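As structure tokens, the structure follows; a few thoughts come after it.
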Amino acid sequence: LEKEDLTGNVSYDADNHQKMVMYRQDKVLGIADTIPAPEVYGADDGLLVIGWGSTYGAIRSAVEKPAEPGQPVAHLHLRHIWPFPKGLAKIFARYDQILVPELNMGQLAKMLQSEYPEFRFQTYDKVKGKPFTAFELREKITAMLEVVR
């Protein structure tokens, strides 16, 4: 059941249905043109920590006050996750490592990996019903940066 492309009348035609599904998909993807590029807080290289939703506070605290002064770490917080804002690939390319802490089983990291397969997204999942603490994230950030050294 679908509306007919030109008239808006009810249509059961399979080809029309395909056309209208593609039309709606293009319309949704076009929203990316109106989404402002996300701001990156912190270093211009090193480790990028990507978050969305309620992870903001813990990530920002961990990046603002790293475990070791001078650690090359930055925070990018997504406000729109579908479609992703344009320009993310250019941001990701500046960093050696990308960490995605999530309070689930890594759904955002999976979406990022499917859209940007040229980058590796390191997941850090927590499903204990409690938010991340800045301390937990600082420990993870420090451990990841030590591997690079």
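Based on this model, can you work out whether Y56 counts as touching a strand residue (DSSP E or B) at 6+ places or on another chain (Cβ under 7 Å), surrounded by 13 or more Cβ atoms within 10 Å (Cβ to Cβ), free of Cβ contacts under 8 Å to residues at least 24 places away in the same chain and among the aromatic types (F, W, Y)? Taking the combined requirement at face value, the residue satisfies it. Within region 20-36, the only residue that satisfies the criterion of being surrounded by fewer than 12 Cβ atoms within 10 Å (Cβ to Cβ) and either in a loop (DSSP other than H, G, I, E, B) or touching a residue at least 60 places away in the same chain (Cβ under 8 Å) (or both) is P36. Note on region 66-107: residues that are out of contact with any Ser or Thr (no Cβ under 9 Å at 6 or more places or on another chain), not in a strand (DSSP E or B) and not charged (D, E, K, R) amount to 18. If you go through region 117-126 and pick out every residue that is touching a strand residue (DSSP E or B) at 6+ places or on another chain (Cβ under 9 Å) and not in a strand (DSSP E or B), you end up with 3. Here is a check on your reading of the model: is K140 outside any helix (DSSP H, G or I) and at pLDDT 95 or above? Here the answer is no, as K140 does not meet what is asked. In the set (1) within 14 Å of P85 (Cβ to Cβ); (2) touching a His at 6+ places or on another chain (Cβ under 9 Å), the condition left unmet by T34 is number (2).
Among the conditions (1) touching a residue at least 12 places away in the same chain (Cβ under 8 Å); (2) in a helix (DSSP H, G or I), K110 misses just one, which is (1). Residues of region 65-82 that are more than 10 Å from the chain's Cα centre (by Cα) and either β-branched (V, I, T) or at pLDDT 95 or above (or both): P72, V73, A74, H75.
Do we have L78 as within 30 Å of Q122 (Cβ to Cβ), in contact (Cβ under 8 Å) with a residue 40 or more places away in the chain and outside the structural domain of L112 (by TED's automatic domain parsing) here? Considered against the rule, which asks whether it is within 30 Å of Q122 (Cβ to Cβ), in contact (Cβ under 8 Å) with a residue 40 or more places away in the chain and outside the structural domain of L112 (by TED's automatic domain parsing), L78 comes out as no.
The values are calculated or read from the model by the stated rules, or taken from the named source; none is laboratory data. What you see is a predicted model; the values in this text were computed from it and never measured. Note that we place each Cβ from the backbone using ideal geometry, even for glycine, and neighbour counts take in every protein chain shown.
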